[in-house]
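Everything below concerns the one structure shown next.
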């Protein structure tokens with residue numbers, strides 16, 4: 001994906017998703033745009049994520065909100081990302097009726113018995129909320145060398161959990177990296193479409209009929225997603241097990257040529 005295509009995607013997120021973005025989101029998008037002049041990447045830092053407005057969530061009988069951060073990069077002529085790290089988080093406010101039993105125990109314990117990390121996290125979360133879910137669209141790390149190896153599981157994958165940041169622990173369990181589930185490559189535009197379809201269905205219905213938004217989605221799909229599906233289909237045509245191809249793929253042009 002070219003820098004101009006990345007900028008168009010960011011501009012379309014600002015135009016189409018503006019009604020459901022939180023204060024400060026426009027500055028986050030502007031900073032991501034500025035980075036495209038020095039790299040071919042969607043970069044949004046976890047310290048300043050792209051945050052969306054709260055929405056009521058019936059199953060919890062309370063509001064939730066979403067944010068995301070990412071680092072998705074391209075190199076050379078390959079339409080598949082050379083690096084993909086995109087996380088979508090769901091947050092909610094914290095109050096005592098919704099504490100988990102071990103969290104409540106930490107609150108009710110005497111100071112000498114309570115978990116100081118947990119107690120501090122609960123107190124901090126009263127002001128900023130707590131993360132209750134995080135999914136991670138990733139590209140497995142590949143070691144350089146004559147026989148490159150990667151993390152187990154599919155090269156492009158979706159996982160839940162992973163190494164939590166300080167503002168996510170102890171709400172997220174410490175590292176649980178598996179299972180890594182096969183998932184096609186994704187960028188910021190496609191992630192925003194996923195957020196809209198799940199949390200803002202009325203807006204998403206409008207986006208489906210919005211030619212500018214669908215053009216941005218098609219731009220994202222036409223590069224990495226198309227290449228991923230084409231190469232998967234080629235594996236099937238070679239009478240290979242496509243699941244095994246996903247697990248141990250030669251998905252990049254550099255690897256295909258070696």
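No lab work stands behind these numbers, since they all come straight from the coordinates. For clarity, every value in this text was computed on a predicted model and none was experimentally measured. Please note: Cβ atoms are built from the backbone with ideal geometry, for glycine as well, and neighbour counts cover all protein chains shown.
Mind checking the full-extension length gain between residue 77 and residue 242? Use 0.36 nm per residue of separation minus the Cα-Cα distance, one decimal, nm.
Numbers: separation 165, 0.36 × 165 = 59.40 nm, distance 2.40 nm.
Extending this stretch completely gives an extra 57.0 nm.
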For this session: Just grab the label-to-label distance for residue 63 and residue 178, each label 7 Å out from Cα along the Cβ direction, in nm (one decimal).
Result: 4.1 nm
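Highest mean first, how do 6-16, 210-220, 30-40 rank when packing is the count of other Cβ atoms within 10 Å averaged over residues?
Top to bottom by mean Cβ count within 10 Å: 6-16, 210-220, 30-40.
Report the full-extension gain for the segment residue 37 to residue 23: residue separation times 0.36 nm, less the Cα-Cα distance, to one decimal in nm.
That pair, residue 37 and residue 23, stretches by 2.6 nm at full extension.
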